[in-house]
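FYI, it's all coordinate maths here, none of it is from the lab. Fair warning: this is a prediction, and the values are worked out from it, not measured in the lab. Neighbour counts are summed over all protein chains in view; Cβ atoms, including those assigned to glycine, are modelled from backbone coordinates with ideal geometry.
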Amino acid sequence: MNEQHNPWTILGEKQVYDNPWIAVTEYQVLNPSGGKGIYGKVHFKNKAIGIVALDEEGNTWLVGQYRFVLNAYSWEIPEGGGIAGTDPLEAARRELREETGLEAGTWTTLMHFHLSNSVSDEYGTIYLARQLKAGEAAPEETEQLQVRKLPFEEAYQMVESGIITDSMSVAGILKVKLMLLDGSLPK
């Protein structure tokens, strides 16, 4: 199998939805076996940004909010969007400050990943924020947030028990847990 060869053939496409954050395109395709079908793609206009904030005592911060799409409450790491073409670290600094009031002295990139590559092209970066200083949070008008400081191990247990299900939060918390276990976590 050639990893560079695209086995899909696009016969036609039409944009079926567009707003400032996403665009949805429907493609008429021939699938890898040659059968005709449709494929929908959700294009994200911003990059997803997540932050695992960790203090010297081993505490982290979670943000709780009601998620409209899920119709449920969700506990997550601080996260948001970074405008395409801009520095994602600047977006991470902004999101951490807006949602928690925290400023970080050091930043480490934990990972880059696609959030749901079967239906969207959403691409994300998760950072580790250390050397934290408290400040005043300033959430956006669409956010009604509950900020919670807790031991990192408790956040990890929330992932393990299925309380935290947000993909960026799960990935970031699990990555930090692995780094704690193997001693590679930066100060």
* Asked: Roughly how tilted is helix 167-182, in degrees to the nearest 10 and between 0 and 90, from the longest Cα axis of the chain?
  -> 50 degrees
* Structure fact -> Helix-only [θ] at 222 nm, the chain, -39500 (n - 2.57) per DSSP H run of 4+, per residue, nearest 500, equals -6500 deg cm²/dmol
* To do: Pairs of Cα atoms under 8 Å, at least six residues apart: use those to get the relative contact order of the chain, whole percent.
  => 21 percent
* Asked: According to the Cα gyration tensor, what semi-axes, each the square root of 5 times an eigenvalue, does the equivalent ellipsoid of the stretch 46-182 have, listed from largest to smallest in whole Å?
  -> 19, 18, 17
* Asked: the stretch 1-67 to the stretch 93-164: how many Å between their Cα centroids?
  -> 20 Å
* Per-peptide average of other Cβ atoms within 10 Å, ordering 15-25, 61-71 highest first -> 61-71, 15-25
* Asked: Along the charge dipole of the chain, Cβ charges K/R +1 and D/E -1, which of 156, 66, 31 sits furthest on the positive end?
  -> 31
* Could you list 10, 77 in order of exposure, starting from the residue whose Cβ has the fewest other Cβ atoms within 10 Å? => 10, 77
* Asked: Which stretch or stretches of the stretch 115-129 have amide N atoms under 15 Å from the point lying 7 Å from residue 178's Cα along the Cα→Cβ direction?
  -> 126-128
* Asked: What ³J(HN,Hα) values, in whole Hz, does the Karplus curve 6.51 cos²θ - 1.76 cosθ + 1.60 give for the stretch 37-45 when θ = phi - 60°, with x put for Gly and Pro?
  -> x, 10, 9, x, 10, 9, 9, 9, 7
* Asked: What residues qualify as long-range amide H neighbours of residue 165, i.e. H under 5 Å apart, gap of 5 or more or another chain, H built at 1.01 Å from N?
  -> 75
* Structure fact -> Measuring from the longest principal axis of the C-alpha atoms of the chain, the long axis of helix 88-100 (C-alpha) lies at a number of degrees, nearest 10, equal to 50 degrees
* Could you tell me the number of lysine pairs in the chain with C-alpha atoms less than 28 Å from each other, where the two lysines are 8 or more residues apart or belong to different chains? => 19
